There are 2 protein chains.
Amino acid sequence: MRITFSLLLALIALPCSAWNCLAQAPYAIAIHGGAGDLPDGKGQAARMEQLTKLLNQGEKMLADGAAGLDVVETIIKQMEDSELFNAGRGCVLNEQGEHELDASIMDGKSLACGAVAGSKTTRYPISLARKVMTETRHVMLSGQGADQFSKLMGLEQAGPEHFVTPEQVKRLQRWKAKQSTSSLNSYPTPKEDPGIYYGTVGCVALDKQGNLAAGTSTGGLVGKRWGRIGDSPVIGAGTYADNKSCAVSGTGIGEDFIRFHVASDIASRMKYAGKSLAVATDETIAQLPEDCGGVICVDSKGNVHAKHNTPAMSLALANSQGVRQIQLAPPK
Amino acid sequence: MRITFSLLLALIALPCSAWNCLAQAPYAIAIHGGAGDLPDGKGQAARMEQLTKLLNQGEKMLADGAAGLDVVETIIKQMEDSELFNAGRGCVLNEQGEHELDASIMDGKSLACGAVAGSKTTRYPISLARKVMTETRHVMLSGQGADQFSKLMGLEQAGPEHFVTPEQVKRLQRWKAKQSTSSLNSYPTPKEDPGIYYGTVGCVALDKQGNLAAGTSTGGLVGKRWGRIGDSPVIGAGTYADNKSCAVSGTGIGEDFIRFHVASDIASRMKYAGKSLAVATDETIAQLPEDCGGVICVDSKGNVHAKHNTPAMSLALANSQGVRQIQLAPPK
């Protein structure tokens, strides 16, 4: 009888304790909409509004117990649909005036990851990256092959009329007018072209189950050519997540982010040098060339951090410990 | 007069000292021709012969003062021309029976790097990767765009008659016969298909000027589809070089090499945890799934090291301190 009673108590206590634990478990989210120069006044208001809306939504999902991967995909899909950011609809155009979309996603629990480079017909490249992660043994698909796989998965397709906006057509024309035809160097830095805004988007999250997730999506660099691939679809460069360290999404000059394997470098400084999220991140960004870009990060304790070395970066950060920050440029 | 004499002495002494220093400076080289299972008997002899010839050549170049990048490119070009390895001519074929070539190269002095994914018309993908590094501000070019750039650079072009060998056509047929049509998982592990041999090639070097260089070239995985990109063109995964730590080239299941950002992880363990080349390398390989692949590495002191967790790996290592090792499988 005593044993039965104890067993009953244990059966009641276990789920209650698990529930309490989950209710109090930390969560954290960070969203970015690119680093570079500040957009003009009208663009600023619209961005702040969008970032606020997305942060509220992501925070609520996490507070309600959603998986980090679902939050990352949900937030990025909306940014891919928004003309405000350089991802999905409204992305920058390549030298031929076409859209070529890159994205990646990573699960910090299993280190599973997926990426696509040069997708042209998939409405939500981040969802395609997730399908690569979950439905294939591959990590990275590219070009027409990536979109063939997308159709096989039944993902929503879209054409140029969806992705290409008049504003980006004009932007490409302005960019082309500035280029010397002999130049093999197909992108300007913010200093060379103060109007440029690297609008890559990304989201990182710690969910209440203790799992980290990271995702990034972009149209790349205006006027890019020769099938150029930047850091956004490169796991370890633009995107990385590992429950043992942190989740990172980056934005900026992708070539430097690949060269310094920025996202995994932050994780490695935490794992191998015992640095905190903030110190590891700041050290990694400090070694980049100036005006290069920035990152958002969360760690497994729910710390959130962002760092950029450009004049501005669109950021929204929040966690269950009360941090809440939305900004386009650092406070003066 | 005294000043003039001292000056004369200094002018003579300086170059002599520099020359002595250079003559005695350490150098090191490592070459690989893929990890997996042992090739059949005939293949073994041919591979040993080729690896010996290449090691002799690379060692002589370094002893004579050649730059590490030149050695890496020279060695890999010959492996791209050899039918023995899965790179350039004789590479494995994708699901459509086509060759799609990936390569990358990195300069440890400047962290400059270049990569190509899915090249089809360039005879030497490693040379194309080097042109991406030196002639553009990009790091990674893909597909038709990469070959357009190749033609612009005047690199030697080649067609299927050069790349596709009867042996690889047969191999694809054997592979296809084993596949279930419903499978989205397009490559077997060595355990599932004991005949498989991941024949990616790579070379890493420390030159007498103290500079590290790394390069990797591959046809990827037999039967790959959807524009799959593996680790070979991903800087930080299949290839990495940094004078502050080491130069690495990897081979194996590229998806895992990307997930664990293998090449840069070895460098990070050296830089942030103070591990030696051998310990850092062994730790990184120890975390990979079994039967996954292997790496070759050199550090800035001239140490050479290789580690694999597959039954076999084609290796050739040498340095100025007298190390010399050529093997297809670990000694019994």
Subject >> Pick from the range B:141-159, criterion more than 30 Å from residue A:257 (Cα to Cα) and touching a helix residue (DSSP H, G or I) at 6+ places or on another chain (Cβ under 9 Å), ranking: farthest from the other protein chains (Cβ to nearest Cβ) >> reply: B:156
Subject >> Odd one out for residue B:123 among (1) out of contact with any Ser or Thr (no Cβ under 6 Å at 6 or more places or on another chain); (2) at the interface with chain A (Cβ under 10 Å from one of its Cβ atoms); (3) touching a residue at least 12 places away in the same chain (Cβ under 8 Å); (4) open to solvent by 10 Å² or more (accessible area, probe 1.4 Å) >> reply: (2)
Subject >> Pick from the range B:109-120, criterion farther than 20 Å from residue B:218 by Cβ and more than 8 Å from chain A (Cβ to nearest Cβ), ranking: surrounded by the most Cβ atoms within 10 Å (Cβ to Cβ) >> reply: B:109
Subject >> residue A:290, sole failed condition from (1) surrounded by fewer than 24 Cβ atoms within 10 Å (Cβ to Cβ); (2) within 22 Å of residue A:41 (Cα to Cα) >> reply: (2)
**OP:** Please tell me if residue B:235 is among the β-branched types (Val, Ile, Thr), in contact with a helix residue (DSSP H, G or I) (Cβ under 6 Å, 6 or more places away or on another chain) and crowded, with 24+ Cβ neighbours inside 10 Å.
**Re:** yes
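Okay, residues lined up against (1) under 18 Å from residue A:271 (Cα atoms); (2) modelled with pLDDT under 95:
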position	(1), (2)
B:262	yes, no
B:281	yes, no
B:289	no, yes
B:296	no, no
B:307	no, no
B:310	no, yes
B:317	no, no
B:331	no, yes
Original post:
How many residues, within the range B:145-162, are touching a residue at least 12 places away in the same chain (Cβ under 8 Å) and of a type in the set (S, T, N, Q)?
Top reply: 2
**OP:** Can you tell me which residue among A:274, A:302, A:250 is out of contact with any His (no Cβ under 6 Å at 6 or more places or on another chain), under 25 Å from residue A:211 (Cβ atoms) and open to solvent by 50 Å² or more (accessible area, probe 1.4 Å)?
**Re:** A:274
Original post:
Given (1) closer than 21 Å to residue B:144 by Cα; (2) facing chain B (nearest Cβ under 10 Å); (3) surrounded by 24 or more Cβ atoms within 10 Å (Cβ to Cβ), where does residue A:106 come up short, assuming only one miss?
Top reply: (1)
Subject >> Residue tally, condition closer than 16 Å to residue A:302 by Cβ and of a type in the set (Gly, Ala, Ser), over the range A:238-275 >> reply: 3
Subject >> Number of the condition not met by residue B:52 [criteria: (1) away from chain A (no Cβ under 14 Å); (2) among the hydroxyl-bearing types (Ser, Thr, Tyr); (3) without any contact (Cβ under 8 Å) to a residue 60 or more places away in the chain] >> reply: (3)
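For every residue, the table says whether it meets (1) at the interface with chain B (Cβ under 9 Å from one of its Cβ atoms); (2) at pLDDT below 95.
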residue: A:212; (1), (2): no, no
residue: A:220; (1), (2): no, yes
residue: A:232; (1), (2): no, no
residue: A:235; (1), (2): yes, no
residue: A:240; (1), (2): yes, no
residue: A:250; (1), (2): no, no
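Matching residues to (1) within 19 Å of residue B:225 (Cβ to Cβ); (2) more than 14 Å from chain B (Cβ to nearest Cβ); (3) open to solvent by less than 10 Å² (accessible area, probe 1.4 Å); (4) at pLDDT 95 or above:
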| site | (1), (2), (3), (4) |
| --- | --- |
| A:80 | no, yes, yes, yes |
| A:93 | no, yes, yes, no |
| A:139 | yes, no, yes, yes |
| A:161 | no, yes, no, yes |
| A:168 | no, yes, no, no |
Original post:
So which residues in the range B:126-137 are facing chain A (nearest Cβ under 8 Å) and among the polar types (S, T, N, Q)?
Top reply: B:136
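The values are calculated or read from the model by the stated rules, or taken from the named source; none is laboratory data. All figures in this text were calculated on a predicted structure; none of them were measured in a lab. A quick note on method: Cβ atoms are made from the backbone with ideal geometry, for glycine too, and the neighbour counts reach across all protein chains shown. Please note that ligands, DNA and RNA were not included when accessible areas were found on the heavy atoms of the full protein model with its side chains. Shrake-Rupley method; radii C 1.70, N 1.55, O 1.52, S 1.80 Å.
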